[in-house]
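One structure below.
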Amino acid sequence: MKRTIIGAAVAALAAAAFATSSAQSAAACVAGVKKINGVPARTFCGPAKATVKIGTATVAYSGGACSKSAAGLTINIGTVVLGNLKKKPEYFGITVKATAGPHANSSVAVVHASKSYAVLGTVTLKPGLKAGSFSGKAFGSPTKITGTFSC
């Protein structure tokens with residue numbers, strides 16, 4: 001009986017700690033427009049995730065927003081800078097027609113380690129429009145960039 005009570009207490013403490021850290025993580029993201037060194041930027045928050053392979057490097061993005069509109073399915077993760085900034089924050093963005101299947105001649109925006117990539121290639125949405133993948137090359141470069149995303 002003692003072990004069951006102690007085990008339940010440990011599990012409850014672990015769950016409370018997890019819930020607190022999750023709430024703190026969610027609270028840490030503040031969506032909206034702000035300025036970084038005087039340059040306008042927009043931060044996105046939410047459940048979206050992406051994994052991007054740039055050449056041989058793999059980068060994980062999380063905590064972004066997904067939305068559907070007349071323009072299609074849009075995923076934004078991180079902070080997009082709306083101007084010139086030397087040290088850009090991490091960002092992943094995609095807008096594609098909201099239909100399942102492959103979409104050729106699509107674009108994906110990626111910023112990693114202050115370097116911006118405009119990826120031209122194919123974006124494939126899975127049925128249900130909650131996940132997909134992409135592959136292409138960085139505009140003006142032979143660098144291959146591939147990845148997956150989900151909402």
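Annotations for the structure displayed:
- If you go through region 123-151 and keep only what is touching a strand residue (DSSP E or B) at 6+ places or on another chain (Cβ under 7 Å) and either in a loop (DSSP other than H, G, I, E, B) or exposed (fewer than 14 other Cβ atoms within 10 Å of the Cβ) (or both), you end up with K126, L129, K130, F139, T143, C151.
- Some residue of region 68-91 being at pLDDT below 95 and hydroxyl-bearing (S, T, Y): yes
- Screening the candidates T124, T143, T99 for the property of being among the β-branched types (V, I, T) and touching a residue at least 40 places away in the same chain (Cβ under 8 Å) yields one hit, T143.
- Some residue of region 43-56 being in contact with a Leu (Cβ under 8 Å, 6 or more places away or on another chain), touching a residue at least 24 places away in the same chain (Cβ under 8 Å) and surrounded by 11 or more Cβ atoms within 10 Å (Cβ to Cβ): no
The values are calculated or read from the model by the stated rules, or taken from the named source; none is laboratory data. Owing to the predicted nature of the structure, the values given are computational and were not obtained by experimental measurement. Methodologically, a virtual Cβ is constructed for each residue, glycine included, from the backbone with ideal geometry; neighbour enumeration extends over all protein chains shown.
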